[in-house]
Amino acid sequence: MSNLKVLLNGIIKENPVFVLLLGMCPTLAVTTMAVNGLGMGLATTFVLVCSNIVISLVKRFIPKAVRLPCFIVIIAGFVTIVGFLLQRFVPSLYSALGLFLSLITVNCIILARAEIFASKNGVGKSALDGVGMGLGFTLALFLMGSVREILGVGTWFGIALTKQLIEPMKLFVSPAGGFFTLAVLIAIINILTKYKISKKKIGCGGCEGCPSAEACASLNEEGDEK
Amino acid sequence: MKEMLIILVSAILVDNFVLSKFMGICPFLGVSKKIDSALGMSVAVTFVMCMATALTWPIYTFFLAPFELDYLRTVAFILIIALFVQLIEILLKKFMPPLYKSLGVYLPLITTNCAVLGVTLLNIDNTYDFAQSIVNALGAGLGFMLALILFSGVRQKMESCNVPKALQGIPITLVAAAITSVSFVGFSGVVEGLFK
């Protein structure tokens, strides 16, 4: 794969949220405002790029059996650094993201990229993959945040847009609105990609490279037999 | 006692982990196709949540907080949870094979479940004492169970429905989740009403 392809792969063809369906929790939780979505996306991108670089550097020294705990600790380290940086320079975003900042640690995208990409490729490509996937994630969160903020509050990045014209629909900033907005966005992308997403079998969708894929698959097989 | 009940009820109904805090969405969407796997998963999650809280709370209070190392809590907690889940898996396999057979498959899924790390961090953020933390973890687990079981019922009905092509698969599942989540909004005043 050429370098450009690696980069674009994450943004469009394998968009982590809309196509791979990974990292749903932050996608739904922090996107009540466009600026929060953007901030969360960029924070995740930073962690993703750093952890991809470090993991591709140290991959030879990590025994296969304990690789997941090792990856998680590396990721958690970078999450702590991001926390420090945000607390110092963007305190408003730090308090808006709250708990979900720490929960970047268990975001499946980062672990999945470490497992499928960084542990098999060189440093340069892994960094590019991190940038691509991170930007894809940021784009998705930004889209979600924009839709929910415009419909739910009537503003965009805090600037009043439709506030005076129509009554904002509060549903869209509530948890239910999060699920609904994501459903509609995925449905639109589904049409644009000629129904590639509906062919996915399992609920969470992101089996490729997911550390729990084996357990998950055996569960679903069991269910199908019954 | 009253305070404990308030924590328990609000963790289960009002601040439901899945439907209003958006934690543990992956297992919520992934393991909710059949009611029995939903039940198995949520029992395992509830157990790990309580045990993880019982381990992380003392470690934070007696080791991290006194030495002003509280910024290390994310790293420390995730490491504890990962090790604990691995340990449980090994112990169950060795000593309780029947239980391993029914719960074992769910365990590897739990390390990366953000609800488990979420509940341990939340207990610290809310400055709960030890007993309150355990009750909160239990409530979070039971709330997870309630959401998963309700939702798997909804999904089983949905399988026989004729869904527009663009919404097939994930999108319609998310729409169903949205409607389930709306039903939980109805609980928002329950705690104030019950424990006035």
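The values are calculated or read from the model by the stated rules, or taken from the named source; none is laboratory data. This is a predicted model, so every value here is computed, not measured. Every residue, glycine as well, gets a Cβ built from its backbone with ideal geometry; the counts of neighbours run over all protein chains shown. Heavy atoms of the whole protein, side chains included, go into the accessibility calculation; ligands, DNA and RNA do not. Shrake-Rupley method; radii C 1.70, N 1.55, O 1.52, S 1.80 Å.
Residue-by-condition table, conditions (1) closer than 20 Å to residue B:10 by Cα; (2) within 11 Å of chain A (Cβ to nearest Cβ):
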{"position": "B:154", "(1), (2)": "no, no"}
{"position": "B:158", "(1), (2)": "no, no"}
{"position": "B:161", "(1), (2)": "no, no"}
{"position": "B:166", "(1), (2)": "no, yes"}
{"position": "B:173", "(1), (2)": "no, yes"}
{"position": "B:180", "(1), (2)": "yes, yes"}
{"position": "B:185", "(1), (2)": "yes, yes"}
{"position": "B:188", "(1), (2)": "yes, yes"}
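Of the residues B:167, B:72, B:103, only one is over 18 Å from residue B:51 (Cα atoms), at pLDDT below 85 and over 15 Å from the mean Cα position of the chain (by Cα); which? Lay out the reasoning, then the answer.
On the way: B:72 fails: at pLDDT below 85; B:103 fails: over 18 Å from residue B:51 (Cα atoms).
Exactly one residue qualifies, and that residue is B:167.
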Residue A:78 within 20 Å of residue A:108 (Cβ to Cβ) and in contact with a Cys (Cβ under 7 Å, 6 or more places away or on another chain): yes
Test: residue in region B:144-158 that is surrounded by fewer than 21 Cβ atoms within 10 Å (Cβ to Cβ), under 18 Å from the mean Cα position of the chain (by Cα) and without any contact (Cβ under 8 Å) to a residue 24 or more places away in the chain: no
Options A:97, A:4, A:8; residue that is open to solvent by less than 10 Å² (accessible area, probe 1.4 Å) and either within 24 Å of residue A:139 (Cβ to Cβ) or acidic (Asp, Glu) (or both): A:97
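Kindly indicate whether any position in region A:17-37 is more than 25 Å from residue B:17 (Cβ to Cβ), away from every other protein chain (no Cβ under 12 Å), under 17 Å from the mean Cα position of the chain (by Cα) and open to solvent by 10 Å² or more (accessible area, probe 1.4 Å). Let's see the steps before the verdict.
From region A:17-37, those more than 25 Å from residue B:17 (Cβ to Cβ) are A:19, A:34-35; that's our starting set.
From what's left, away from every other protein chain (no Cβ under 12 Å): A:34-35.
Those left that are additionally under 17 Å from the mean Cα position of the chain (by Cα): A:34-35.
Subset that is open to solvent by 10 Å² or more (accessible area, probe 1.4 Å): A:35.
Yes; the residues of region A:17-37 include at least one that is more than 25 Å from residue B:17 (Cβ to Cβ), away from every other protein chain (no Cβ under 12 Å), under 17 Å from the mean Cα position of the chain (by Cα) and open to solvent by 10 Å² or more (accessible area, probe 1.4 Å).
Taking residue B:89 as the residue in question, decide whether it is at pLDDT below 85 and on the phi > 0 side of the Ramachandran plot. Before you say what the answer is, go through the steps one by one.
Values: at pLDDT below 85: yes; on the phi > 0 side of the Ramachandran plot: no.
Taking the combined requirement at face value, the residue does not satisfy it.
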Whichever residue in region A:127-137 is open to solvent by 10 Å² or more (accessible area, probe 1.4 Å) and in contact with a Leu (Cβ under 8 Å, 6 or more places away or on another chain) and, among such residues, is farthest from residue A:75 (Cα to Cα): A:128
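I want to confirm something. Restricting to region A:147-168 and keeping residues that are surrounded by 15 or more Cβ atoms within 10 Å (Cβ to Cβ) and assigned to a loop (DSSP other than H, G, I, E, B), which single residue is farthest from the chain's Cα centre (by Cα)?
Step one: of region A:147-168, the residues surrounded by 15 or more Cβ atoms within 10 Å (Cβ to Cβ) are A:147-156, A:168.
If we keep only those that are assigned to a loop (DSSP other than H, G, I, E, B) too, we end up with A:153-154, A:168.
On the way: A:153: 24, A:154: 25, A:168: 27 Å.
Going through the qualifying residues, I end up with A:168.
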Selected residue (criterion: farthest from residue B:125 (Cα to Cα)) from residues of region A:65-91 that are under 21 Å from the mean Cα position of the chain (by Cα) and not hydrophobic (A, V, I, L, M, F, W, C): A:69
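I need the full set of residues from region A:33-79 which are in contact with a strand residue (DSSP E or B) (Cβ under 9 Å, 6 or more places away or on another chain) and either of a type outside the set (A, V, I, L, M) or closer than 28 Å to residue B:87 by Cα (or both), in order please. Working first, answer last.
Within region A:33-79, the subset in contact with a strand residue (DSSP E or B) (Cβ under 9 Å, 6 or more places away or on another chain) is A:33-34.
Selection gives nothing.
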Count - residues of region B:23-53 that are facing another protein chain (nearest Cβ under 7 Å) and under 10 Å from the mean Cα position of the chain (by Cα): 2
Scan of region A:112-126 for residues that are farther than 15 Å from residue A:22 by Cα and open to solvent by less than 10 Å² (accessible area, probe 1.4 Å), ordered by number: A:118, A:126
Qualifying positions in region B:18-37 - under 17 Å from residue A:178 (Cβ atoms) and either open to solvent by 20 Å² or more (accessible area, probe 1.4 Å) or in contact with a His (Cβ under 6 Å, 6 or more places away or on another chain) (or both): B:20, B:21, B:26
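Report whether or not residue B:92 is more than 10 Å from chain A (Cβ to nearest Cβ) and without any contact (Cβ under 8 Å) to a residue 40 or more places away in the chain.
When the stated conditions are applied, residue B:92 passes them.
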